[in-house]
Structure formats: structure tokens, C-alpha cells
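Structure, as C-alpha cells:
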Amino acid sequence: MDADHAPTDVVDPRGPGADPAQREKVVAEQALAVAAAWSPPGAPESWWLTAATLTAVARDDVLRGLAASIPPDRVPALLVAAALARRAAQRPDSAFARYFPRPGGPQPADDGGFPAAAATFAREERDALAQLCAGHRYQMNEVARCLDVLPVLGAIAARDGRPLALVDLGTGAGLALHLDRYSYRYRLAGGAELTCGDPGASVQLDCAVHGVVPDVPQQVPPILARVGVDVESHDLADPDTFGWLAACIPPEAGAVTRFAAAAAIARSDGARAVRGDLIDVLEDAVAGMPEEATVCLLDTYVHVFLPPAQLARFDALLERMSRVRPIEWISVDPLVPLGPDADSTVQGLAVPDGWVEHNRAGGVFGVIGHVSLRDGRRTGRIVGRAHPSAAWLEWLPAR
Ligand SMILES: C[S@@+](CC[C@H](N)C(=O)[O-])C[C@H]1O[C@@H](n2cnc3c(N)ncnc32)[C@H](O)[C@@H]1O
């Protein structure tokens, strides 16, 4: 099913069950927590609108009420934020729309008028926003997460001296499948930088590095085969689907620009996509991979959404598959269970000191983990963590 034609949960304005005031309180907290994760104090100026949109969802009566009427498993705060961006794109001449960046353009400045413009727009567009929320799922694609996985892929290729076969689980629009067509820049403390890939690429990925300097490869490792797996299809050629996926991108100029550029590559050079639940289709997807390549499973912001029983099934499946051929699993996922009580990684790896507390304080980040499986045995470690849209990357020392 594509993004624009997902089955609809009818939005019940009274809210599905729980006390409406309590539901509003919960969605407001969630909206502010996501705002804090994407745009913490000291974040680049360009993230102001992402924080302001989610803050509007938390504080504006109409938007908060709409979010509270959406079932919690449909990520209400982010769904309403995406509906606002989509409606703004459909009404480009509105006062509200002028706050949103366009691909390749600058970040419109914060003139202090956004909360009032959002309140007016919410009241004018109340029905259209409710319809957008009822007809869509929140589906975020963040191509910048390739920055998080590139050093791990480089290390695997250097270790094995072989090309890689990528299996991108929960691939969404399939943007990570083309990671060898992007340009990478890691900005180090003190002004130095590490680069990789084609400097003239249309997709320019860039992050600030904290902590240890990652081992960035000089070139993206050769990718011999690639396949994306997703339970839903995301047809970028369909203008409505593309419009919705674009609206799910945080309204930050860099994010909006790189999504448009990466989507253009994915549209023109569609990699193989397998539709289905990752647990059901993984074995077949890997079986089709060339023997002379190292199989690398990528999972960025996917396993965080799997219930514990499904994570356990995935672990058992990998253990079994690794008796046939070695498997590498690179995960970039927040701590689980998602939210302030999170204390574990989806890969069952030991969490470094202070990270649980940082997450509890609202600083959600992606934990970058690398697990290798051979003959049913697994080894692994956390290699770093990153901003949800890879604005920063913190690398850990190798043991
Ligand atoms: C938050 S998006 C992340 C997309 C992409 N990996 C990224 O980081 O930009 C999660 C994706 O996982 C897919 N997904 C969730 N559960 C899945 C499952 N059990 N099997 C396959 N795909 C799944 C969703 O359809 C969605 O496209």
C-alpha cells in the first residue's frame, strides 16, 4: 500500500477511549520531547521551525485536540506536524506556508509570528488537517542516516576485503540503498573534516562529529548487490505519495533539500524492493545475494518499532541464517521501549553510562550498533550514537 492510500483509522474527535484531557497531556509531552530531540538547546538555527511546529502541536488547542484524537500507535504528534507541512505545501500562498523551506532554498527566518500563523491556519484548515491525518501514516525517511552507517560499512569491507551486499530493512523510499551515490562530510572539532564519496554528488550529507574521530573510509565500499525490504511500498513516482513523504521530513532546509535530491536518485534508479514483513522475507532476500559479497543488514529507525516478541523472532532468525553464511547487522535505533523509560538497545547491547539518563531527559538519539553473526554465534558492540537526522555523530573508542 502506498503512503497516500494507507487504510484509514477514522479520526474520532472525542478520542479513542481514554480521558481526553489526559490524552492531550500525553501528546503534548510527546510533541515537546520530539522537539527537544530534533532541536535541543544549541542546535543550528535552521532547526527552529521543526521545534516550533511540534511546540504548536503541543500548545495550540486545535492541533493538540486533533493529535489527542489519533490512536497512539499512529505517532499523533508527528502525524499532525506532517499534516501541517502537507497542507502548507497545498496552500503555498498562505501566510503559514511562507515559514516552510523549499528544496534548495534557505531556511525562512523566525520572525516571532509562527505560533499565531499556526493557530490561524489550524482553525482555517481544521477539516483538511483531520482528513490528512486519517488517510496517512507518519513515514519519515532520513537519508542523512547513511552518515551513521558509512564508517561501519567501511570497517566491514576493510576487514573482509570483499564487496558488500546491502539489505535495507524497513527501507521506506529506499534512499539508503543508493548510499554509494552520495557525498559525505564529517566536521571535526577544530575545523578539520573527513570526506568520502563524490564531492559533486547531488546529495550532500554532512554532520558534526563529537568524541572520537570515526574511521571514515576514503571511498564508499563497493556495493555488489542491494535490496530494500518494507511492509509498505513508497511509490516516489506518484505525486501524492511523494508529497506526503516530503511532508514527513522535518521542515529544516538541509533535510528538505537532501530528501528531494535523494528521492530523485531513487526514482530514476529504483533498486530492487521486496514488499513484506522483514521477518517473513529476509531469508529469501539474503538467499539471492552473491556469495562473494558480505551481507550487511541495515536497519535505521525500524527495529525500534518492533514489539519485543518480533525482536526475539528476528534474533532467532538471524542466528539460524548465520549458520548458512555470515551476517552483519548495523542498527541505528533509539533506546527501547521508545520513550522516557527506555533502557535497552534493539540489539541487546550494553548501553554506555549516562545514555539512559540523557534519553530520559528528552534527548532521543539513534544508537549505532554493529552485530556480527557467524555459525549461530553473535558478537557486537555499540559504536556510537547520532542525532535523529544525523546533525551530529558521537563515536565511541574502539575496544
Ligand atoms: C521510520 S521509517 C524509517 C525509514 C528508513 N529506514 C529511514 O531511516 O529513513 C520505518 C520504516 O520501516 C517500515 N517497517 C516497519 N515495520 C516493518 C516490518 N515489520 N517489516 C518491514 N518494514 C517495516 C515502515 O513501513 C517504514 O517504511
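The values are calculated or read from the model by the stated rules, or taken from the named source; none is laboratory data. Keep in mind it's a predicted model, so treat the numbers as computed, not measured. Positions of Cβ are generated from backbone atoms using ideal geometry, with glycine treated the same way; all protein chains shown enter the neighbour counts.
Some points to look at:
- Strands (runs of 3 or more DSSP E) lying entirely in segment 144-199 (those with 1 or more residues that are in contact with a helix residue (DSSP H, G or I) (Cβ under 8 Å, 6 or more places away or on another chain), of a type in the set (A, V, I, L, M) and within 16 Å of the ligand (Cβ to nearest atom)): 164-169
- Residues (surrounded by 13 or more Cβ atoms within 10 Å (Cβ to Cβ) and at positive phi) located in segment 333-355: Gly339, Gly348
- Residues that are away from the ligand (no atom under 11 Å from the Cβ), surrounded by fewer than 18 Cβ atoms within 10 Å (Cβ to Cβ) and in a helix (DSSP H, G or I) within segment 262-298 comprise Ala264, Arg267, Ser268, Glu283, Asp284, Ala287, listed in sequence order.
- For segment 109-118, the criterion of being assigned to a helix (DSSP H, G or I), in the same structural domain as Arg226 (by TED's automatic domain parsing) and free of Cβ contacts under 8 Å to residues at least 40 places away in the same chain is met by none of the residues.
- Of the strands (runs of 3 or more DSSP E) lying entirely inside segment 299-399, those containing at least 1 residues that are at pLDDT below 95 span 392-395.
- Of the residues making up segment 244-261, none is within 13 Å of the ligand (Cβ to nearest atom) and over 18 Å from the mean Cα position of the chain (by Cα).
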